[in-house]
Structures are given as structure tokens and as C-alpha cells.
1. Starting from the 7 Å offset along Cα-to-Cβ, what nm value, one decimal, do you get for the label separation of Phe39 and Val57?
2. Using modelled amide H (1.01 Å from N, peptide plane; none on Pro or chain starts), what sits under 5 Å from the amide H of Ile25, excluding residues fewer than 5 places away?
3. Taking amide H positions as placed in the peptide plane 1.01 Å from N, state which residues far from Glu47 in sequence (5 or more) or on other chains have amide H under 5 Å from it.
4. What net charge is computed for the residues neighbouring Asn41, neighbours being all others with C-beta under 15 Å from the C-beta of Asn41, Lys and Arg scored +1, Asp and Glu -1?
5. When the Karplus curve 6.51 cos²θ - 1.76 cosθ + 1.60 is applied with θ = phi - 60°, which whole-Hz ³J(HN,Hα) does each residue of the stretch 34-39 get, with x for Gly and Pro?
6. Apply the Karplus curve 6.51 cos²θ - 1.76 cosθ + 1.60, θ = phi - 60°, to the phi angles in the stretch 53-59 and return the couplings in whole Hz, x for Gly and Pro.
Amino acid sequence: MLQNFKIYNKTLLELSEGKKLITTINTHSYNVTLKDEEFRNVLMNCEILIPDGISIVWAIKLLLNSNGRKKLLDELKYKIKK
């Protein structure tokens with residue numbers, strides 16, 4: 001279900017001018033969406049939804065990118081080597 005959220009993946013400088021409803025999604029808020037339909041609708045319908053936490057970033061990569069699993073494993077290997 002996480003792949004149903006429109007996660008913003010550009011820079012904030014790329015936003016058009018004007019007021020925007022900007023919110024974040026993290027593991028806690030995602031878990032709340034599983035039980036609270038109203039909260040889920042708010043997150044799914046906001047204009048800008050920013051991932052808050054590496055676990056959400058990794059999950060999005062795995063779910064939305066056909067090469068996401070390999071890229072994620074490569075990133076993890078790189079971070080472990082540092």
C-alpha cells in the first residue's frame with residue numbers, strides 16, 4: 001500500500017510558487033494510515049508528501065523501482081564499508 005502514496009522525489013526548489021499542503025510520512029504515520037482512513041486520505045491527498053526516515057526511503061525504492069532491491073543492497077554495502 002505504501003506504493004499508493006505520491007511521495008515527492010524532487011528538490012523543494014522545484015516547487016511551483018504558491019501555497020502547498022506539505023506533510024511527511026514516516027513508519028509511524030504509515031502504520032496509522034492502516035487503521036485510520038481519514039488520516040490515510042489526508043496523506044494521500046496532500047500536495048507534497050515528503051519521506052521522513054530512511055526506512056520509508058528504502059521501502060519506496062524497493063516497491064517502485066524494478067532495480068530497487070539491487071540499488072538498495074548496493075547502498076547498504078557502501079554505507080557498511082564507510
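Just so it is clear, none of the values below were taken in a lab; they were calculated from the coordinates. The structure presented is a predicted model; accordingly, all values stated were derived computationally and were not measured. Because the Cβ atoms are built from the backbone with ideal geometry, glycine has one as well, and the counts that use them run over all protein chains shown.
1. With each label point 7 Å from Cα toward Cβ, the separation is 2.4 nm.
2. Amide H to amide H, under 5 Å and 5 or more residues apart or across chains, Ile25 pairs with Ile50, Asp52.
3. Counting only residues 5 or more places away or on other chains, the set is Leu21.
4. Here the count lands on -1.
5. Karplus values, whole Hz, x for Gly and Pro: 5, 10, 10, 5, 5, 4.
6. x, 5, 5, 5, 4, 5, 4
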